[in-house]
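Colleague: Questions regarding the structure given below will be posed in turn.
The values are calculated or read from the model by the stated rules, or taken from the named source; none is laboratory data. This structure is a prediction, so every number in the text was calculated from the model and none was measured. Neighbour counts run over all protein chains shown; Cβ positions are idealised from the backbone, glycine included.
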Amino acid sequence: MTATTNTINPEKLNEFMGKMVGDLGAATSSVLVLIGQKLGLYTALAESGPLTPAELAEKTGTSQRYILEWACNQAASGYLDYDPAEERFSLSPEQAAVFADEESPVYLGGGFYSIASLFADEPRVTEAFKSGQGVSWGDHDSCLFCGVAKFFKPSYKANLIPAWIPALEGAAGKLKKGAHVADVGCGFGHSTLLMAEAYPNSTFVGFDFHAPSIEKATELAREKGLTNVTFQVAKAKDFPGKDYDLITFFDCLHDMGDPAGAARHVHGKLADDGTWMIVEPFAHDKREDNFNPVGRVYYSFSTTVCTPSSLSQEVGLALGAQAGEKRIGEVVTSGGFTRFRRAAETPFNLVLEARK
Ligand SMILES: C[S@@+](CC[C@H](N)C(=O)[O-])C[C@H]1O[C@@H](n2cnc3c(N)ncnc32)[C@H](O)[C@@H]1O
């Protein structure tokens with residue numbers, strides 16, 4: 001017996017093993033959640049009510065034997081309910097809101113697409129740990145791009161128009177009348193499209209340096225028939241235009257190599273009374289205050305996606321996804337902004353406002 005085993009407290013070990021078996025279960029079940037998303041298993045259950053595996057398989061064109069195994073994992077996870085008398089599986093309204101309804105503000109399905117990319121890209125990130133080099137956004141598995149868009153969209157849909165824009169000084173009034181807006185690092189453009197739909201008198205341009213994302217955003221705008229929005233490939237430090245009334249950055253400032261350079265560029269592109277809105281992952285300023293469930297999720301993505309993305313670009317400041325308001329404020333004011341404040345927040349987002 002080693003010194004280490006001698007000093008082990010069995011009760012503490014039991015407690016820790018209980019937590020770790022739970023975590024192992026969550027990790028192994030995450031691939032089954034993704035399968036459920038891709039095959040429409042949750043939506044079928046939400047639409048039809050309690051189903052036997054045979055009925056769920058029939059409705060989704062899948063194999064009954066696989067569905068039985070999947071459903072048992074989901075019931076053991078607490079993601080589905082099970083009625084032993086009827087041998088039927090079902091989704092409670094709360095489970096349905098999280099897994100089945102992409103329009104619900106608490107839909108988490110998108111997160112599981114992103115998790116798939118973390119494993120697909122792990123060898124590259126492991127190498128980057130040794131070399132200190134970055135991994136650029138566009139080099140990630142494509143699950144990441146749709147996963148990020150799916151993950152953030154419910155929160156933008158629930159909060160952007162009703163709460164976040166009104167929380168900015170004077171912005172809602174300008175947008176209603178007709179304003180000129182740039183959405184930088186827009187990805188698939190869900191934030192841009194929501195604003196363009198809500199404010200038809202204003203014009204919007206979404207910029208991102210990732211061309212496939214700009215193609216997807218353009219396609220979504222066309223599908224919605226929106227004529228007041230365009231998308232263009234451009235970097236945060238050199239996007240075109242001038243005298244914008246509002247420039248928005250949704251969950252992307254910390255991914256950039258030179259966020260201070262971006263801040264200087266935004267300062268130069270805003271009208272004198274314009275507003276820079278920065279939405280960043282929720283974080284406290286003190287590192288140890290982020291050692292909680294939300295911080296845990298963000299530190300995972302920060303290690304595997306955000307920090308490598310920043311390190312792959314010029315300067316490579318690598319703010320990380322848990323930089324917090326104080327650190328972001330330093331970057332923003334270094335770009336020439338004199339006013340900076342927290343305008344709103346949710347458990348997942350900080351909404352920051354900067355003025356000249
Ligand atoms: C986490 S995603 C957020 C996308 C979108 N804003 C959203 O909320 O769904 C970060 C985005 O920032 C973009 N990005 C990163 N660095 C950039 C840069 N220097 N210039 C322009 N876009 C950048 C990436 O291509 C990616 O689309």
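Colleague: For region 134-227, please list each of the helices (runs of 4 or more DSSP H) lying entirely inside it that holds at least 2 residues being surrounded by fewer than 17 Cβ atoms within 10 Å (Cβ to Cβ) and within 15 Å of the ligand (Cβ to nearest atom).
Modeller: Fully inside region 134-227 and qualifying: 211-224.
Colleague: Further question: With V331, V279 as the choices, which residue is closer than 30 Å to G170 by Cα, touching a residue at least 40 places away in the same chain (Cβ under 8 Å) and within 20 Å of the chain's Cα centre (by Cα)?
Modeller: The unique qualifying residue is V279.
Colleague: For region 324-334, indicate whether the set of residues that are within 14 Å of the ligand (Cβ to nearest atom), hydroxyl-bearing (S, T, Y) and in the same structural domain as H180 (by TED's automatic domain parsing) is non-empty.
Modeller: No: region 324-334 contains no residue that is within 14 Å of the ligand (Cβ to nearest atom), hydroxyl-bearing (S, T, Y) and in the same structural domain as H180 (by TED's automatic domain parsing).
Colleague: For residues that are more than 9 Å from the ligand (Cβ to nearest atom) and buried (at least 22 other Cβ atoms within 10 Å of the Cβ), tally how many sit in region 255-269.
Modeller: 2
Colleague: Has region 229-249 got at least one residue that is out of contact with any Gly (no Cβ under 7 Å at 6 or more places or on another chain), within 12 Å of the ligand (Cβ to nearest atom) and closer than 24 Å to A163 by Cβ?
Modeller: yes
Colleague: Still on this model: Filter region 116-133 down to residues that are assigned to a helix (DSSP H, G or I) and in contact with an Asp or Glu (Cβ under 9 Å, 6 or more places away or on another chain), then give me how many there are.
Modeller: So the answer is 6.
Colleague: Looking at (1) of a type outside the set (F, W, Y); (2) under 20 Å from the mean Cα position of the chain (by Cα); (3) within 15 Å of the ligand (Cβ to nearest atom), which one does P293 not meet, given that it meets all the others?
Modeller: Among (1) of a type outside the set (F, W, Y); (2) under 20 Å from the mean Cα position of the chain (by Cα); (3) within 15 Å of the ligand (Cβ to nearest atom), P293 violates only (3).
Let's see how each residue does on (1) over 14 Å from the mean Cα position of the chain (by Cα); (2) closer than 23 Å to A44 by Cβ:
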position: E87; (1), (2): yes, yes
position: A96; (1), (2): yes, yes
position: V106; (1), (2): no, yes
position: Y113; (1), (2): no, yes
position: L118; (1), (2): no, no
position: C146; (1), (2): no, yes
position: K150; (1), (2): no, yes
position: S155; (1), (2): no, no
